[in-house]
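All remarks here apply to the structure that follows.
The numbers here are math on the coordinates, done by the rules we state, and not lab data. Treat the numbers as computed from the prediction; the structure is a model and nothing was measured. Positions of Cβ are generated from backbone atoms using ideal geometry, with glycine treated the same way; all protein chains shown enter the neighbour counts.
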Amino acid sequence: MTESEGAEEPSVLHRRAALLGVAAAAVGAWWAWPRVAQLFVGDFDFEPLDDPQGFRRIAAGETSGMPSPFFGLDAPDAQEQAIPEEAVRADLCTGLFGGSPPAGVVPIASFSDYNCPFCRVLTERLSNHGERSGGDNRITWHEWPRLGPNSISAARAALAADMQGAYAAFHKRLMRGRFVATPEYLEILARDIGVDADRLLSDMESDAVSKRLRTTEAIARIFGFIGTPALVVGRTVIVGTVSESVIAALVERERRDGPLPVCSA
């Protein structure tokens, strides 16, 4: 080894150490973001809801509208088959959040449509926050197809995939791609993800899938949602898109405010 080569070694080591330090700092900042983000959000301006009691709302961003409150339930008597609101109100915690969350965990209910562009944005932000949060929240995804037959087919396919334990994979693929949810497309997607395509197409038309769609529709009526995306973060209702920093700050606020009355009965 020459003298010049030996002289270069310390600088190389210093550069490597600096790069490792930057990488470590970046990782630390990434994991700390849910706590840091709240520093960039001011006090929330909450408006209490008259119904359902115990909830409040804040203003939010863009939404996609819907053509009809009962559009897409695939039956001419969809309104007559709708689940009565009273049945959902009797156990709103289960219908909305899938049951009471563990202590210290803030439940989030997300209502979206696969053809709603704002839903794609908010879903990615929710997923990012969930990855960074270290388990401080739990997201329940509600399929609420409002934007036509393609949305309905996609929602039914995702719920059918859930019956095979593949909801997360289907949800992620459908949210990230442009598609027409034909049987041929869904068969290809099912095989790509590793679920039984024939069973998926059959389960899409099952009573179980229809009941889940109607339960979500009933919850949406209870809260008076007018479009997608919509969120219920703990006791706070949001219709429209919000930033990841708002999500993080709101989760922290909900944790400080304590257990939800609707889930404590």
Original post:
Contour minus end-to-end for residue 51 and residue 128, with contour as 0.36 nm per residue of separation and end-to-end as the Cα-Cα distance?
Top reply: 24.6 nm
Subject >> Stretchable slack from residue 100 to residue 168, in nm (0.36 nm times residue separation minus alpha-carbon distance) >> reply: 22.4 nm
Original post:
Which value results when the Cα radius of gyration for the stretch 43-263 is divided by 2.2 N^0.38 Å?
Top reply: 0.99
Original post:
For the stretch 125-226, what's the relative contact order in percent, using C-alpha pairs closer than 8 Å and at least 6 residues apart?
Top reply: 27
Subject >> Ranked 228, 182, criterion: other C-beta atoms within 10 Å, fewest first >> reply: 182, 228
Original post:
What nm value, rounded to one decimal, do you get for the distance between residue 89 and residue 264 when each label is placed 7 Å out toward the C-beta?
Top reply: 2.1
Subject >> Mean-position separation - Cα centroids, the stretch 238-265 and the stretch 43-62, in angstrom >> reply: 11
Original post:
Over the stretch 196-261, what relative contact order in percent results from Cα pairs under 8 Å that are six or more residues apart?
Top reply: 19
**OP:** Amide H neighbours of residue 241 under 5 Å, at least 5 residues apart or on other chains, H built in the peptide plane: list them.
**Re:** 61, 62
